[in-house]
Amino acid sequence: MSDYPRLFRVRQIFEQPRIDKIEEEVVRQLERFQLERFVRPGQTVAVTAGSRGIHAIHRIIRAVVGHLKALGLQPFIVPAMGSHGGGTADGQRKILESYGITEEFCGCPIRASMETVVVSQAKEGFPVHFDRYAYEADHVMVVARVKPHTGFVGDIESGLMKMLLIGLGKHNGAIIYHRAIQDYSFGQIIRSVAGEVLQKCRILAGLAIVENARDETALVEAVLPQEFEAREKELLKMARQWMPRLPFNAADVLLIDQIGKNISGTGMDTNVVGRKFLDHRAAPDEQPKVRHIVIRDLSEETHGNAAGIGLSEFCRSRVIRKMDVRATRINCLTGGHVTGAMLPLDYETDREILDAAFSVIGLRPPEAARLMWIHHTLDVTELECSEAYWHEAQQRHDLQVLTELRPMPFGPDGNLPDSVHELRVRPAAVAERIS
């Protein structure tokens, strides 16, 4: 196939609240509660650190640790990430280290274990698990990002409450809770288990993080345990308002440079790509509607975990070669999303993939295909779009067109640049002018 759509670069204009002095804001928030009222010098505090790639998370954790130490406490960090890292303590420690969360940087120990304590029975009839190190601590400080969940809908989704059960429940708890969600609603299980944990596990406070559409820290807020549920509902509304989104509501092909657990629980955020309810198409009332998704690579931070690969129709063969099959299957089975580990059609080159994808988009000729190309689903402020969107983009006040139309930049090997952002350095003078 020789005809491909021409591309142009666009920048989305989002509402962008941002905190510049992150550490200062963390300390200011914690100081509001005068935590010294609830603790005694010398007591231990387990500080949670999850597997998501939260902006500046190593600095946020260090600021929390520093504040606790200033109160005379003995903080330590526990990985709170369910079954991630292959379901092993060493794997979870390595995930933290890849984010810069090390004992040296944060100034306290990291205590990683997959052991849990059964603290009670949920009213639905299953055991409630909690990280052993966190359970043995005098207090627990929960640090988590609040955002829409990739598979469930409700007034509480991902955040402090979810961290209490899936994160701190480790692999044992995550398996049970995801199974329970198959029989009960997500909202019921998260409230049931979190309620037990809040009663039994000495939660000192929470630190909620909300990010903007550019994957930057928009809000940091300390929350008392008794306010977790009520405040998280409000923070989720903010997160939905500020979250990234694609600029157009329909596409024949969506190219994604990277997926990974650091980006989303499903590798790619289903809220962004329009596959929260169905693996291979959008639900009737869901946007955007993307016909085919192409995965080009795995992020380095995902350590081979390709969970979510099964939501795509095509991928580069290198994705499958980099995939840690065991870790991916463990994570998808634990989460109850078996199809998330299934494999798409793979090809060695981008040219082969696009030839195949354009052959199954209906009567629309390839040069008129609606194509968007993003780096990953946390990074959609600047992207490449095909000529099919050109005239609409010119009329939109929330879009800034950055280049003229130019040919798809295939290299001699039949591949596009590894990152869509590599096209930023191409001079505008070489762009193909519109006739």
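The values are calculated or read from the model by the stated rules, or taken from the named source; none is laboratory data. Since the model is a prediction, treat every value here as computed from it, not as a measurement. Cβ placement follows ideal geometry from the backbone for every residue including glycine, while neighbour counts extend to all protein chains displayed.
Tabulated data
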quantity	calculated
Candidates Val146, Val140, filtered to the one that is within 19 Å of the chain's Cα centre (by Cα) and either more than 17 Å from Ala122 (Cβ to Cβ) or among the acidic types (Asp, Glu) (or both)	Val146
Ala306 part of a loop (DSSP other than H, G, I, E, B) and closer than 23 Å to Ile95 by Cβ	yes
Hey, Leu345 over 26 Å from Asp413 (Cα atoms) and either modelled with pLDDT of 95 or more or buried (at least 21 other Cβ atoms within 10 Å of the Cβ) (or both) or not	no
Residue satisfying condition, being among the polar types (S, T, N, Q) and surrounded by fewer than 18 Cβ atoms within 10 Å (Cβ to Cβ), within set Ser317, Ser312	Ser317
Considering residues of segment 1-14 that are more than 16 Å from Leu246 (Cβ to Cβ) and at pLDDT below 95 only, the residue surrounded by the most Cβ atoms within 10 Å (Cβ to Cβ)	Met1
Flag for Asp346 being under 19 Å from Ser419 (Cα atoms) and either outside any loop (DSSP other than H, G, I, E, B) or outside the structural domain of Ala213 (by TED's automatic domain parsing) (or both)	yes
Any helices (runs of 4 or more DSSP H) falling wholly within segment 77-179 and containing at least 2 residues that are surrounded by fewer than 23 Cβ atoms within 10 Å (Cβ to Cβ) and of a type outside the set (Asp, Glu)	89-98, 132-136
Set Arg37, Arg28, Arg18: member being out of contact with any helix residue (DSSP H, G or I) (no Cβ under 6 Å at 6 or more places or on another chain), of a type in the set (Lys, Arg) and touching a residue at least 40 places away in the same chain (Cβ under 8 Å)	Arg18
Residue check, His84 touching a Leu at 6+ places or on another chain (Cβ under 7 Å) and either under 22 Å from Leu164 (Cβ atoms) or in the same structural domain as His303 (by TED's automatic domain parsing) (or both)	no
Selection within segment 153-172 - modelled with pLDDT of 90 or more and closer than 15 Å to Val210 by Cβ	Gly159, Leu160, Met161, Lys162, Met163
Meets criteria (in the same structural domain as Leu165 (by TED's automatic domain parsing), among the charged types (D, E, K, R), buried (at least 17 other Cβ atoms within 10 Å of the Cβ) and not in a strand (DSSP E or B)) for Arg40	no
When residues of segment 180-191 are limited to those that are surrounded by fewer than 16 Cβ atoms within 10 Å (Cβ to Cβ) and of a type in the set (S, T, N, Q), the one farthest from Asn331 (Cα to Cα)	Ser185
Filter result for the condition that a residue is within 22 Å of the chain's Cα centre (by Cα), under 30 Å from Phe314 (Cβ atoms) and not charged (D, E, K, R), over Thr217, Thr270	Thr270
Selection count, segment 383-403, where residues are of a type in the set (D, E, K, R), in a loop (DSSP other than H, G, I, E, B) and surrounded by 15 or more Cβ atoms within 10 Å (Cβ to Cβ)	1
Boolean, Thr339 is hydroxyl-bearing (Ser, Thr, Tyr), touching an Asp or Glu at 6+ places or on another chain (Cβ under 9 Å) and in a helix (DSSP H, G or I)	yes
Contacts under 7 angstrom Cβ, first residue in segment 324-340 being more than 18 Å from Tyr184 (Cα to Cα), partner polar (S, T, N, Q), 6 or more apart	Asp324/Asn305; Ala327/Asn305; Thr328/Asn305; Ile330/Ser83; Asn331/Ser83; Asn331/Asn305; Gly340/Thr266
Complete set of residues in segment 222-254 that are in a strand (DSSP E or B), buried (at least 18 other Cβ atoms within 10 Å of the Cβ) and of a type in the set (A, V, I, L, M, F, W, C)	Ala222, Val223, Ala251, Val253, Leu254
Flag for Gly260 being assigned by TED's automatic domain parsing to the domain that holds Val119 and either within 30 Å of Glu382 (Cβ to Cβ) or touching a residue at least 12 places away in the same chain (Cβ under 8 Å) (or both)	no
Answer residue from segment 249-267, given it is polar (S, T, N, Q) and under 8 Å from the mean Cα position of the chain (by Cα) and is farthest from Val360 (Cα to Cα) among those	Asn262
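Residues checked against (1) farther than 24 Å from Ala239 by Cβ; (2) of a type outside the set (S, T, N, Q):
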{"site": "Ile13", "(1), (2)": "no, yes"}
{"site": "Ala49", "(1), (2)": "no, yes"}
{"site": "Gln92", "(1), (2)": "yes, no"}
{"site": "Phe105", "(1), (2)": "yes, yes"}
